[in-house]
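J.: I'd like to ask some things about the structure below.
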Amino acid sequence: MSLRLTIEDGQFRDNHGRHILLRGINVAGDAKLPSQPDVPSHIAEDFFAGDDVNFRQRPFRKEDAHIHFSRLKRYGYNTIRYVFTWEAIEAAGPGRYDEEWIQHTIDVLREAKDYGFYIFMDPHQDVWSRYCGGSGAPMWTLYACGLNPQSFAATDAAIVHNTYPEPEKFPKMIWSTNYNRLAAATMFTLFFAGRDFAPKCIIDGMNIQDYLQGHFFRACEHLAKRIHEAGDIENDIVFGWESMNEPSRGMIGHVDLSVIPSEQKLKKGTCPTLWQTMLTGSGRACEVDSWDMGGLGPYKIGRTLIDPHGEMAWLPADYDDSRYGWKRDPGWKLGECLWAQHGIWDPANDLLLQKNYFEKHPKTGEVLDFPKFTNTYFMEFYRKYRDLIRAHHKDAIMLCQPPTLEVPPTIKGTKDDDLKMVYAPHYYDGITLMTKKWNRTWNVDVFGVLRGKYLHPAFAIKIGETAIRNSFRDQLTAIRKEGLDNMGNHPCLLTEFGIPYDMDDKNAYKTGDYSSQSAAMDANHFAVEGAPMEGYTLWLYMTQNDHQRGDLWNGEDLSIYSLDDQSLPVSPLPRTPDAEGPPFSLLKTATTNSRREVDDETSVNPSNLKRTLTNPSISSERSSQNPEVTNAPGYRAAEAFVRPAPIAVNGMTTKYGFDLKTCEFTLEIIGAPSPSDDLPTTVFLPEYHFPKEQCTVEVSGGKWELSTDDDERAWIQKIRWWHGDGKQTLKVTGQVRPHNTLAGSADEAGYLEQCQSGYGLDVGKCAVM
């Protein structure tokens, strides 16, 4: 059987040899949270019932899959990063796999087949697990390590939204600081290096490192095995597997536990040293530094007393965890700090005895800086994961994701320089993400600062929106080059980037003005299009997002879809009830006689427009800046992510991009030496930007055709271009409308104007139809 997707000379190719750009989306954020009980991150009830949860309706119900897949297809996506968690497989206890969830996953993946998506599996985690304030591992993994998640709040071992005293006031992005708090730092240290740094931690006759990794590996392997046995998913639908999302080194390599290391750039809220986390985790009161995040990065705001009043983050000595069936070695005592038992500190006198305990490998004496961690502990983990997955999915393309924004492993020219491997980094505009504001005036080349590019961080400041956009592109280009230099000639697929939608204290939800989100989203796409990458998967698609709670997870709000927003009409013209066919619209469902025919929220007609404009959940607050605007539907900056892009190139893509301001798409390629007459280069061309009768096409040679079809169960417009070999160019100019103009000066119409205009309709009349 020929593979749908292969890698040749560092590029993705289809079974016809055409160059494939993977343009995708993370599906779905719902997968981080259990479906039974339904416990979003702001709910405390049932939170600690971790042995009894299941994810059997995640990322969404099988019956609803066609709605989500058709919507994403119309947005122009051809790739899905399929989010799942270790907890979803093995929540009930070690070795107890949820076969119903696995079958549900297989069923949903089968639903994706007719839509033509390229799918890779993402074993997702954030700061270890939901019980450390993130997602990923089952609750029992914490008990296995002697930790008590019910005491994390009192001891500051983790900042968890579900147990936060006032969930409504949960600080922005505070969850990410948990990587440097006791719970997650301990778990990652044990997971990657328990044999070296916690030799007393023996459970079921093996070190905790082997115990944890073994269960993670076997859970993922079991899922891969079941997908393989399904017979019609492997390769046809699922082409690959990514390694663990955003792995952390925990405490490994820390030079001095009593100080915050210089490489710890993220400081927000209470910011204890690792030594202080050990003290508070054992019930001691400590006064720690507090920080906040500003436009130029973190700044100290004072000191905060953390007083657990004697409560410990460790399980009590008499705790009965026999329900899990494991046997803990007598030399590993409950009721005491695990790290005190290894001689790092003296609980009798509260003295730090070995501040550099994690600095060097205990056997070889090698200094464990980040590159050393990546090339030893991480690569040891990655090799085992790769080999176990390929024991069942033998042709799997493996997406290697080393620690975020760190130098990738130095494996070029070694046996790990695998022909079927992809470099899968992440990148976010951290200033916008942390402050939840889009600053058109200045930004910072964060990656350049991390790599020592500047004599002083002040030189990394970029002034003006053009410089900011170019800086994003240059940072991604540098990330790509690091992959080539260190890993070899492999595709670089950016598996996460995105923007917060709740900018400016959710102003867009009150006014319908999404111009800031549009500008930020466009700047990020300008960067990924300009950098020489083989594709990307945007974070995030969340089926349950709403204006009040965002993604229902730690106050984040990055979803391109929301229940409280009108989706961007992919056609520039509204449909009428008697409209026939899809001549100007990508909004028609798969087939007229299919169960997939639904009343899609993206279809625009007087009936659903009336419903939309009178629905108080959609921007129902009157804008103080413009009191005439009420119930104006927002389009969630969709015009900035519904973008033209090459689908399959008969040759090699050398450059492409979309200018939102001028509504112009350009593509430069090197045509194949002997192009087939019946094998065109194909480009997704969204009708919203490029209405069929109002766009111009220029090509360097050959012939082209603009058409709309439902080959993949969703009406989408494509341009097919038959061309010769050598250098070839394509340029398509669409319809410039107010929403294409990024707000930046007084004479430029912003996004609000589009919302008010009802995309050409008289909103007042429509509202009373």
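J.: Do you know which of the residues in the range 462-501 that are under 21 Å from the mean Cα position of the chain (by Cα) and β-branched (Val, Ile, Thr) is nearest to SER518 (Cα to Cα)?
T.: So, considering only residues that are under 21 Å from the mean Cα position of the chain (by Cα) and β-branched (Val, Ile, Thr), the one nearest to SER518 (Cα to Cα) is ILE499.
J.: Just to be sure, is SER258 small (Gly, Ala, Ser), touching a Ser or Thr at 6+ places or on another chain (Cβ under 6 Å) and part of a loop (DSSP other than H, G, I, E, B)? I'd like the intermediate steps shown before the answer.
T.: Working: small (Gly, Ala, Ser): yes; touching a Ser or Thr at 6+ places or on another chain (Cβ under 6 Å): yes; part of a loop (DSSP other than H, G, I, E, B): yes.
Here the answer is yes, as SER258 does meet what is asked.
J.: Go through the range 451-485 and give me each residue that's without any contact (Cβ under 8 Å) to a residue 40 or more places away in the chain, within 17 Å of THR432 (Cβ to Cβ) and of a type in the set (Lys, Arg).
T.: LYS462
J.: A further question follows. Exactly one condition in (1) touching a residue at least 12 places away in the same chain (Cβ under 8 Å); (2) over 17 Å from THR105 (Cα atoms); (3) surrounded by fewer than 24 Cβ atoms within 10 Å (Cβ to Cβ); (4) charged (D, E, K, R) is not met by GLU8; state its number.
T.: Every listed condition holds for GLU8 apart from (1).
J.: Mind listing just one residue for me: the one in the range 670-698 that is β-branched (Val, Ile, Thr) and in contact with a Pro (Cβ under 8 Å, 6 or more places away or on another chain) and, of those, surrounded by the fewest Cβ atoms within 10 Å (Cβ to Cβ)? Spell out how you get there, then give the answer.
T.: First, the residues of the range 670-698 that are β-branched (Val, Ile, Thr): 670, 681-683, 696-697.
From the residues that got through so far, the ones that are in contact with a Pro (Cβ under 8 Å, 6 or more places away or on another chain) too are 681-683.
Numbers: THR681: 28, THR682: 16, VAL683: 25.
Ranking the candidates gives THR682 first.
J.: Right, something else. Among the residues of the range 217-254, count how many are in contact with a strand residue (DSSP E or B) (Cβ under 8 Å, 6 or more places away or on another chain) and part of a helix (DSSP H, G or I).
T.: Total meeting the criteria: 5.
J.: Only residues that are polar (S, T, N, Q) and either touching a residue at least 12 places away in the same chain (Cβ under 8 Å) or crowded, with 16+ Cβ neighbours inside 10 Å (or both): list them for the range 292-335, please.
T.: Of the residues in the range 292-335, the ones polar (S, T, N, Q) are 304, 322.
Within the range 292-335, just THR304 meets the criteria.
J.: Would it be correct to say that ILE670 is touching a Leu at 6+ places or on another chain (Cβ under 9 Å), over 16 Å from ALA640 (Cα atoms) and at pLDDT 50 or above? Explain how you work it out, then say what you get.
T.: Details: touching a Leu at 6+ places or on another chain (Cβ under 9 Å): no; over 16 Å from ALA640 (Cα atoms): yes; at pLDDT 50 or above: yes.
In short, no.
J.: Taking the range 344-361 on its own, how many of its residues are assigned to a loop (DSSP other than H, G, I, E, B) and among the basic types (Lys, Arg)? Break it down into steps so the answer makes sense when it comes.
T.: If we filter the range 344-361 for residues that are assigned to a loop (DSSP other than H, G, I, E, B), which is where we start, we get 344, 347-350, 353-359, 361.
From the residues that got through so far, the ones that are among the basic types (Lys, Arg) too are 355.
Residues meeting the conditions: 1.
J.: Then there's this: Can you tell me which residue in the range 441-458 is farthest from the chain's Cα centre (by Cα), limited to those that are over 19 Å from SER262 (Cα atoms) and surrounded by fewer than 18 Cβ atoms within 10 Å (Cβ to Cβ)? Before the answer, list the steps.
T.: Filtering the range 441-458 down to residues over 19 Å from SER262 (Cα atoms) leaves 441-443.
Filter once more, so that each one left must be surrounded by fewer than 18 Cβ atoms within 10 Å (Cβ to Cβ): 441-442.
Values: THR441: 27, TRP442: 25 Å.
The qualifying residue farthest from the chain's Cα centre (by Cα) is THR441.
J.: Still on this structure, please answer the following. Need at least 1 residues that are over 29 Å from ASP329 (Cβ atoms) per element, so show me which helices (runs of 4 or more DSSP H) inside the range 97-179 make the cut, counting only ones lying wholly within it.
T.: Working: elements: 99-112, 140-144, 152-155.
Once the helices (runs of 4 or more DSSP H) in the range 97-179 are filtered for at least 1 residues that are over 29 Å from ASP329 (Cβ atoms), what remains is 99-112, 152-155.
J.: Among the candidates GLY214, GLY269, GLY253, single out the residue that is over 26 Å from VAL449 (Cα atoms) and not β-branched (Val, Ile, Thr). First the steps, then the outcome.
T.: Values: GLY269 fails: over 26 Å from VAL449 (Cα atoms); GLY253 fails: over 26 Å from VAL449 (Cα atoms).
Sole residue among the options that is over 26 Å from VAL449 (Cα atoms) and not β-branched (Val, Ile, Thr): GLY214.
J.: Which pairs do you get when a residue that is under 19 Å from GLN213 (Cβ atoms), found in the range 380-407, comes within reach of a residue that is among the basic types (Lys, Arg) and surrounded by 19 or more Cβ atoms within 10 Å (Cβ to Cβ), reach meaning Cβ atoms under 6 angstrom, with the pair 6+ apart or on two chains?
T.: From the range 380-407, the pairs are MET398/ARG386.
The values are calculated or read from the model by the stated rules, or taken from the named source; none is laboratory data. Every value quoted in this text rests on a predicted model; they were computed, and no experiment measured them. When we count neighbours, we look across all protein chains shown, and the Cβ atoms used for this are built from the backbone with ideal geometry, even at glycine.
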